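*Asks:* One structure is given below, represented as structure tokens, and several questions about it will come after.
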Amino acid sequence: MARHNAKHEKRKKNPETEKQKIKKIKAVKPEEQARYCRKIKAFLQMTARKQMKQNELAQKCRFKRNPSAYEAALQQLLKEGVILEVRHSYRLCNQEETFKAETVRLSGNFGFIRDENGTEHFVPGKYLLGSMAGDKVLARSIESRTGSPEAEIVSILEETPQARLAGVIVATEYGLCFLSGVAGTPLHIEYHESCAYKTGDKVLAEIIHRGSRHMEHVVKIVLNFGSADNAANCMEAKIAELNIPVEFTESVRREALKVSAVGVTEFDMQDRKDFRNEIIFTIDGAMTKDMDDAVSVKKNPENGNYILGVHIADVSHYVRPNSPLDAEAFRRGTSIYYADEVIPMLPAQLSNGICSLNPAENRLTISAVMEISPEGDLVKYNFYKSVIRSRVKGVYEECNQILENTASPQIQEKYQEVKESLFLLAELAEKLEHVRKLRGAPELESTESVVILDEKGQCIGLAPVSRGKSERIIEACMLCANEAAAKTAKEHEFPLVYRVHENPSPERIAGLKELILKLKQEELLLNPEEIQPRDIQNLLDSNRQESYFPVINNMTLRAMAKAKYSEKPLGHFGLALADYAHFTSPIRRYPDLTVHRILSDFLDGAEKDWLVKRYQKFTENASQHSSDTEVRAIQIEREADACYAAEYMQAHVGEVFHGIITSITEFGMYVTLDNMAEGLLHIHDLPDGEYETEEGWYIRDTRNGTEYRLGDALEVICTRADVSSGHIDLALA
């Protein structure tokens, strides 16, 4: 437990105002450096304490005879991981307790590193040593609080060049400084070579001098995006910080124009199954231009089975291995969507043109044709390289009106040709959803929101993501095709990029069980060691009608492992499926394009051994890189949600809102408002009192017994909304 006085004075952190002193090592003779290396190792080996204070070691090595050689030797041994620096002391490193890794991303006051085996480790902020994404580091494992690997960085072996941070210019008593979410404290700006800036600007900074902590770095300003009170500016800065390519190179544009200009020729359609006479159509959002999936359905008159066709744009026909288009698609990994913006994986000539399944146009596809029993079981499936001609560009909202019999005569006319198929798909989707429930797939509620913008691109509201009947139809069809693709690869033993979702760790389930016990005062029949998808579904179903269900839903989401891509068929816990891959969005996701490429070769008759030789290493690389780019895209989307929510709440500072406590930390509580924005009610902003906290559960005033618990409803006032950080501050109403 932690105790706080809500009215204690907050300590002010001052930035360094003088340029940091950079140690300059003169050129030294290799034999002198090697001699000091031997001395350092010998003295550390001889000491009974196995470590020595910096000054003591320097004196023993008689560093004054050649300070530069001594310093060079120290740096060499640190870089090589031979010695460790611990609290102003040095000690020999036990090679078995350390490992080499790369810092892969930073997020506020923590980060993640990836070791040479591909395992990610959580690193608390105090153990990052000022490391930046891309740094090569030496680390060691520490005790985990969640069951997931945790580590501390003990040495930075190689600094990434041109490390960058997005942040805002702030005025301090020492002048203008740079503030980012990573450092947490304003950083000194090197004025020389910095571009123009002023207080309140959202900027991109480049680190020019490194400290041993993020707060000690010195930066120069390289790009200015304008006011930090504008969410669009903040997102441009974030995209630049992560070095995400927005524009396509000239070679990529040329290739895209070349392949799209040819169109679909008779030669292209040779040796493909012709589905152009089938009733096939797309269903997407009203503004969607990159339509890569279409569906068809009919009944088998002999046995009453449904014959479902899922027809996906054959992007692999146009994006050839090792071409400029392929290299760029791999680099981007995925299209990124936020607010009303999209950073596409492929140029518009493909994504919105030759690969988009536009109505009344011949399009090359790969088709999954599946036979499904009247009970909803997948009994047979085949894949074909095909050609289709979509009948209608369906729109979710219009299809929902058709299915609900509320459509206008104009909409009825538009869908006349596919109306029967639409109702048959609705019937099939209900069967597929029933089977999904029978196998115990957890039905977690989406916490996503849609940003509503005005004509100036500013946020004027938030709304929950809606899923009508037609959205659920398409989801069920795509899940079925994805499962069939994974089953095909597994049965024929050729490599593939699988979409996997491993079982949650026992520690996370134990933590979930403990919190729900406190929330409900009721024991849960959950075995952390043998957790099954059905157990999670039963937990959700038994609490779905309770007022605190959003809390249980969020807690369960946090307990789940993160889905990722893998060359191994590890199964999908969240869908309760043994076999699953991403096959249905090759315009938007590189893993799907990879699946298409391998399936295409398989359908052309390639032997298993050839496929293994050609694609085994490729699927390993594609899986890891696709997982990384997906994490990066999610990071952008979440930051955009926070920035735009704060932009919306800026117009509502001082207003009262209803909310629910959805998270408790040692420094306060996060409250999710009815409008879907989330804010922090800091413990220092509670009424005067002596507060104790139990993280994840409650905050209690020990003077009068007032308690704020997870799941409690509150009336709060928005006191501040900072667009740059995406933070919203609240107080009790």
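*Asks:* Which one, 261, 462, 86, is farthest towards the positive end of the dipole of the chain when Lys and Arg carry +1 and Asp and Glu -1 on their Cβ?
*Replies:* It is 86.
*Asks:* What is the distance in Å between the Cα centres of the stretch 320-397 and the stretch 187-225?
*Replies:* 43 Å
*Asks:* Taking the stretch 672-723, which trypsin sites (Lys or Arg not before Pro) meet the DSSP loop condition and have no more than 11 other C-beta atoms within 10 Å?
*Replies:* Sparse-neighbourhood loop trypsin sites (Lys or Arg not before Pro): 703.
*Asks:* What do you get for trypsin sites (Lys or Arg not before Pro) in the stretch 169-237 restricted to DSSP loop and a cutoff of at most 14 other Cβ within 10 Å of the site's Cβ?
*Replies:* Here the trypsin sites (Lys or Arg not before Pro) that fit, given the DSSP loop and packing criteria, are 198.
*Asks:* So if I place +1 on the C-beta of Lys and Arg and -1 on the C-beta of Asp and Glu, and nothing else carries charge, what would the dipole magnitude of the stretch 380-468 be about its Cα centre? I want it in debye, nearest 20.
*Replies:* Details: 13 positive and 14 negative charges, 130 e Å.
Around 620 debye, computed over the stretch 380-468.
*Asks:* Another question, then. Measure of size requested: the Rg and Dmax of the stretch 95-158, with Cα atoms as the atom set and Å as the unit; please supply both.
*Replies:* For the stretch 95-158, the Cα-based Rg and Dmax read 10.2, 30 Å.
*Asks:* So between residue 60 and residue 146, what do we pick up on full extension, going 0.36 nm a residue minus the alpha carbon distance? Numbers along the way, then the final one.
*Replies:* Working: separation 86, 0.36 × 86 = 30.96 nm, distance 4.33 nm.
Roughly 26.6 nm would be gained on extension.
*Asks:* How about the stretch 350-425: which GluC sites (Glu not before Pro) there are in a DSSP loop, with at most 11 other Cβ atoms within 10 Å of their Cβ? Each step should come with its number before you reach the end.
*Replies:* Details: sites: 361, 371, 375, 397, 398, 404, 413, 417, 420; in loops: 361, 375, 404, 417.
Answer in residue order: 375, 404.
*Asks:* What is the distance in Å between the Cα centroid of the stretch 534-585 and that of the stretch 60-103?
*Replies:* Here the two parts' Cα centres lie 45 Å apart.
*Asks:* Could you give the length gained by full extension between residue 254 and residue 452, i.e. 0.36 nm per residue of separation minus their alpha carbon distance, to one decimal place?
*Replies:* Stretched fully, the residue 254-residue 452 segment lengthens by 67.7 nm.
*Asks:* Right, another one. What's the Cα-based Rg to Rh of the chain, Rh via Kirkwood?
*Replies:* Taking Rg over the Kirkwood Rh, I get 1.00.
*Asks:* Which residue, 132, 181, 300, has the largest displacement toward the positive end of the dipole of the chain when charges sit on each Cβ (Lys, Arg +1; Asp, Glu -1)?
*Replies:* 132
*Asks:* In the stretch 710-728, whose amide N lies under 16 Å from the spot 7 Å out along Cα-to-Cβ of residue 547? List them in ranges.
*Replies:* 710-716
*Asks:* A follow-up question, please. If I take R0 = 41 Å and measure r between the Cβ atoms of residue 289 and residue 75 in this structure, what FRET efficiency does the formula 1/(1 + (r/R0)^6) give, to the nearest 0.05?
*Replies:* Working: r = 54 Å, r/R0 = 1.31.
Once rounded, the FRET efficiency stands at 0.15.
*Asks:* Of 144, 335, 600, which is farthest along the charge dipole of the chain in the positive direction, counting Lys and Arg as +1 and Asp and Glu as -1 at C-beta?
*Replies:* 144
*Asks:* Can you give the angle from 0 to 90° between the axis of helix 419-438 and the longest principal axis of the chain, with both taken from C-alpha atoms, to the nearest 10?
*Replies:* So the inclination is approximately 50 degrees.
*Asks:* Could you size up the charge dipole of the stretch 95-158 around its Cα centre, putting +1 on the beta carbon of Lys and Arg and -1 on that of Asp and Glu, and report it in debye to the nearest 20?
*Replies:* Values: 7 positive and 11 negative charges, 47 e Å.
Around 220 debye, computed over the stretch 95-158.
*Asks:* How large is the charge dipole for the chain, taken about the Cα centre, if only the Cβ atoms of Lys, Arg (+1) and Asp, Glu (-1) carry charge, to the nearest 20 debye?
*Replies:* 3560 debye
*Asks:* What is the distance in Å between the Cα centres of the stretch 667-688 and the stretch 708-733?
*Replies:* 3 Å
*Asks:* Need one number: nm distance between label points at residue 656 and residue 100, each 7 Å from Cα along Cα→Cβ, rounded to one decimal.
*Replies:* For residue 656 paired with residue 100, the spin-label model returns 6.2 nm.
*Asks:* Can you tell me the orientation of helix 506-520 relative to the chain, as the angle in degrees between its alpha-carbon axis and the longest Cα principal axis, to the nearest 10?
*Replies:* For helix 506-520, the angle is close to 80 degrees.
*Asks:* Report the calculated FRET efficiency for residue 732 and residue 520 (r = Cβ-Cβ distance, R0 = 25 Å), to the nearest 0.05.
*Replies:* 0.50
*Asks:* Given 0.36 nm per residue, what is the gain on full extension from residue 412 to residue 534 after removing their alpha carbon distance, in nm?
*Replies:* So the extension gain works out to 39.9 nm.
*Asks:* Hey, another quick one. Give me the Å³ per residue figure for the convex hull around the C-alpha atoms of the stretch 250-480.
*Replies:* Values: hull volume 38.9 nm³, N = 231.
It comes to 168 Å³ per residue, whole-number rounded.
Where a number appears in this text, it was derived from the coordinates with a stated rule and is not lab data. Every value quoted in this text rests on a predicted model; they were computed, and no experiment measured them. Quick reminder, even Gly has a Cβ in these numbers, built from the backbone with ideal geometry, and neighbours come from all protein chains shown.
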